[in-house]
1. For residues that are free of Cβ contacts under 8 Å to residues at least 60 places away in the same chain and part of a loop (DSSP other than H, G, I, E, B), scanning just region 53-88, find the one that is surrounded by the most Cβ atoms within 10 Å (Cβ to Cβ).
2. For SER71, indicate whether it is among the polar types (S, T, N, Q) and modelled with pLDDT under 90.
3. Within region 102-122, can one find any residue that is part of a loop (DSSP other than H, G, I, E, B), under 27 Å from THR222 (Cβ atoms), under 17 Å from the mean Cα position of the chain (by Cα) and not β-branched (Val, Ile, Thr)?
4. Looking at the structure I just gave you, is LEU91 surrounded by 21 or more Cβ atoms within 10 Å (Cβ to Cβ), among the hydrophobic types (A, V, I, L, M, F, W, C) and modelled with pLDDT of 95 or more?
5. Looking for something within 15 Å of the chain's Cα centre (by Cα), within 15 Å of LEU32 (Cβ to Cβ) and either buried (at least 18 other Cβ atoms within 10 Å of the Cβ) or without any contact (Cβ under 8 Å) to a residue 60 or more places away in the chain (or both) - is there at least one such residue anywhere in region 150-161?
6. Which one is surrounded by the most Cβ atoms within 10 Å (Cβ to Cβ) among residues in region 17-52 that are free of Cβ contacts under 8 Å to residues at least 40 places away in the same chain and assigned to a helix (DSSP H, G or I)?
7. Could you tell me which numbered condition ARG132 fails, if it satisfies all but one of (1) in contact with a Leu (Cβ under 8 Å, 6 or more places away or on another chain); (2) over 28 Å from ALA54 (Cα atoms); (3) charged (D, E, K, R)?
8. Could you check region 123-142 and list, in sequence order, the residues that are surrounded by 18 or more Cβ atoms within 10 Å (Cβ to Cβ), under 15 Å from the mean Cα position of the chain (by Cα) and not aromatic (Phe, Trp, Tyr)?
Amino acid sequence: VLQPALFVVEYALSQVFLAVNVKPVACAGHSLGEYSAAVVGGFLSLDAALAIVAARARSTETLAEEGAMLSVADWSSEELEAMAGGSRPGLWLAAVNSPQHAVVSGEVQAIAALEAELKAEGRKCSRLHVKRAFHSGLIAKAADTLRNLGMTEEMQGVETLPVASNLTGQWLHQAHMKDGQYWTKHMRGTVLWRENAERLMSQWRPAIVLEVGPGNVLSTLTSKCVQPHGHKPDFVQAMRHPKASGTHDVE
């Protein structure tokens, strides 16, 4: 239920903004968010995205092995490279979100050992509230169910906006939609959010960055990606997190 619900909220919010003539020059989505970005950008039809997200949710519950995920706030580039290279058995680099922030997925015991090690060193890390190791080898069987979904011409859209690809760190292309393995690789591969954010900011240098979804997590991570380049856009959130209080940007 959670994955389709998040997709629907993000897509619905995007349509509200488009309806009042708030139009992006480019867009990107983090992990599951790339589906709504792909629809807004014209790479997937709404029906195709709904079908793939529903299949993704079902397979996650029924086929994915149990696992855990750990958010780490202060990794060096050398540590990130080592983790990406498979230096720790049972662990995978799930996402690189900013110059020093990453998420690691893996077996429950391996994540627990890494967490204990980092905390013993006085480093900041925290568990994600999930029971599956998204973007890791433990999700492989579930990811395979997405093979060839969204490939028919009826399920593909007409590109209207540049969309960043989590999988490649480059721009999404129609050829990706015709590749029967794209969403399979996307589900189990590393989310290259830092590369996405830096590409969007360096090419477009937007005055405003609108986060379409609950909370401000991506705004915070993206701001860390643009700081070294001296570009300071205004970050606006479309809605507050359910647990947040006080006023909110759109209000």
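The values are calculated or read from the model by the stated rules, or taken from the named source; none is laboratory data. In this text, all values refer to a predicted model and were calculated from it rather than measured experimentally. Methodologically, a virtual Cβ is constructed for each residue, glycine included, from the backbone with ideal geometry; neighbour enumeration extends over all protein chains shown.
1. Top of the filtered list is TRP75.
2. No; evaluated as a whole, the condition is false for this residue.
3. No, there is no match, as no residue in region 102-122 is part of a loop (DSSP other than H, G, I, E, B), under 27 Å from THR222 (Cβ atoms), under 17 Å from the mean Cα position of the chain (by Cα) and not β-branched (Val, Ile, Thr).
4. Values: surrounded by 21 or more Cβ atoms within 10 Å (Cβ to Cβ): yes; among the hydrophobic types (A, V, I, L, M, F, W, C): yes; modelled with pLDDT of 95 or more: yes.
So LEU91 passes the test.
5. Initial filter on region 150-161 (within 15 Å of the chain's Cα centre (by Cα)): none.
No, because not a single residue in region 150-161 is within 15 Å of the chain's Cα centre (by Cα), within 15 Å of LEU32 (Cβ to Cβ) and either buried (at least 18 other Cβ atoms within 10 Å of the Cβ) or without any contact (Cβ under 8 Å) to a residue 60 or more places away in the chain (or both).
6. Pass one, region 17-52, residues free of Cβ contacts under 8 Å to residues at least 40 places away in the same chain: 18-21, 23, 32, 35, 46.
Those still in the list that are assigned to a helix (DSSP H, G or I) too: 18-19, 35, 46.
Details: LEU18: 12, ALA19: 8, TYR35: 26, LEU46: 15.
Ranking the candidates gives TYR35 first.
7. (2)
8. Correct list: ALA133, HIS135, SER136.
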